[in-house]
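Q: Next up is a structure, given as structure tokens.
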Amino acid sequence: MGDSDWTLITDSAEAITDAYARPPRLNECELFYVQIDERDASVTLGFETSVLPSSPPPAWTGRTYNAVEFYLKFMRVKELRITGWDSSARDSVVMLDRRDDESVRVSVDGERSHLDFAASAPLLTRARPFLRSDAS
């Protein structure tokens, strides 16, 4: 499936699919957050993009922003593998692929960073606009 169809396998993706005529591809986004929680066997990935929505939600009206961040939380994580992890992870290629058993295979590949795992379909847990500083 790849990164272009990520909203098709994401539960509760309406915050993105309602706001965008064409949601940003994951590889148009920067991975800025990774949380691995062993207590509930979950991984949360946070992305930010400068691709702005064509139909922003009413709650965003009147706000000044030039970027959007959103978080995907994967539950029932298994087969977790991490090989190296450094600042190259921000420029990683992120792929989501539906498997035959309806789970999702996730891979995050950077120059010196690799993370992959299987999990249930992700939940979109948060999406919000913000004003990104020019100093990146």
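Q: Go through segment 1-107 and tell me which strands (runs of 3 or more DSSP E), entirely inside it, have 2 or more residues that are open to solvent by 80 Å² or more (accessible area, probe 1.4 Å). Before the answer, list the steps.
A: Working: elements: 30-37, 42-49, 67-74, 78-83, 93-98.
The strands (runs of 3 or more DSSP E) meeting that bar are 78-83.
Q: Further question: May I ask you to list the residues in segment 110-125 that are open to solvent by 50 Å² or more (accessible area, probe 1.4 Å) and out of contact with any Leu (no Cβ under 8 Å at 6 or more places or on another chain)? Quick ask: steps written out before the conclusion?
A: Here is the first cut: in segment 110-125, the residues open to solvent by 50 Å² or more (accessible area, probe 1.4 Å) are 111-112, 123, 125.
Passing the criteria: Glu111, Arg112.
Q: May I pose another question? Quick one: which of Ala59, Ala67 is among the aliphatic types (A, V, I, L, M), closer than 19 Å to Glu14 by Cα and without any contact (Cβ under 8 Å) to a residue 24 or more places away in the chain? Full working, then the answer.
A: Numbers: Ala67 fails: without any contact (Cβ under 8 Å) to a residue 24 or more places away in the chain.
Matching residue, one of Ala59, Ala67: Ala59.
Q: Testing Arg81 on (1) in contact (Cβ under 8 Å) with a residue 24 or more places away in the chain; (2) under 14 Å from Ala127 (Cα atoms); (3) of a type outside the set (A, V, I, L, M), one condition comes back false. Which one is that?
A: Here Arg81 meets the rest and fails (2).
Q: Still on this structure: Give me the pairs, please: first residue somewhere in segment 13-29 and closer than 14 Å to Tyr71 by Cβ, second residue anywhere and in a helix (DSSP H, G or I), beta-carbon distance under 7 Å, and either six or more positions apart or on two chains.
A: Short answer, once both residue conditions are applied: Ala13/Thr7; Ile16/Thr7; Leu26/Trp6.
Q: Go through segment 60-82 residue by residue and tally those that are of a type in the set (A, V, I, L, M) and closer than 28 Å to Pro129 by Cα.
A: Just the residues of segment 60-82 that are of a type in the set (A, V, I, L, M), to begin with: 67-68, 72, 75, 77, 80, 82.
Pick out the ones that are also closer than 28 Å to Pro129 by Cα and you get 67-68, 72, 75.
Counting residues in segment 60-82 that are of a type in the set (A, V, I, L, M) and closer than 28 Å to Pro129 by Cα gives 4.
Q: Across segment 2-56, what is the total count of residues that are of a type outside the set (S, T, N, Q) and at positive phi?
A: 2
The values are calculated or read from the model by the stated rules, or taken from the named source; none is laboratory data. Note that the coordinates shown come from a computational prediction; the quantities given were computed from them, not determined experimentally. Virtual Cβ from ideal backbone geometry, glycine too; neighbours counted across all protein chains shown. These area figures cover heavy atoms from the full protein model, side chains too; ligands, DNA and RNA do not enter into them. Shrake-Rupley method; radii C 1.70, N 1.55, O 1.52, S 1.80 Å.
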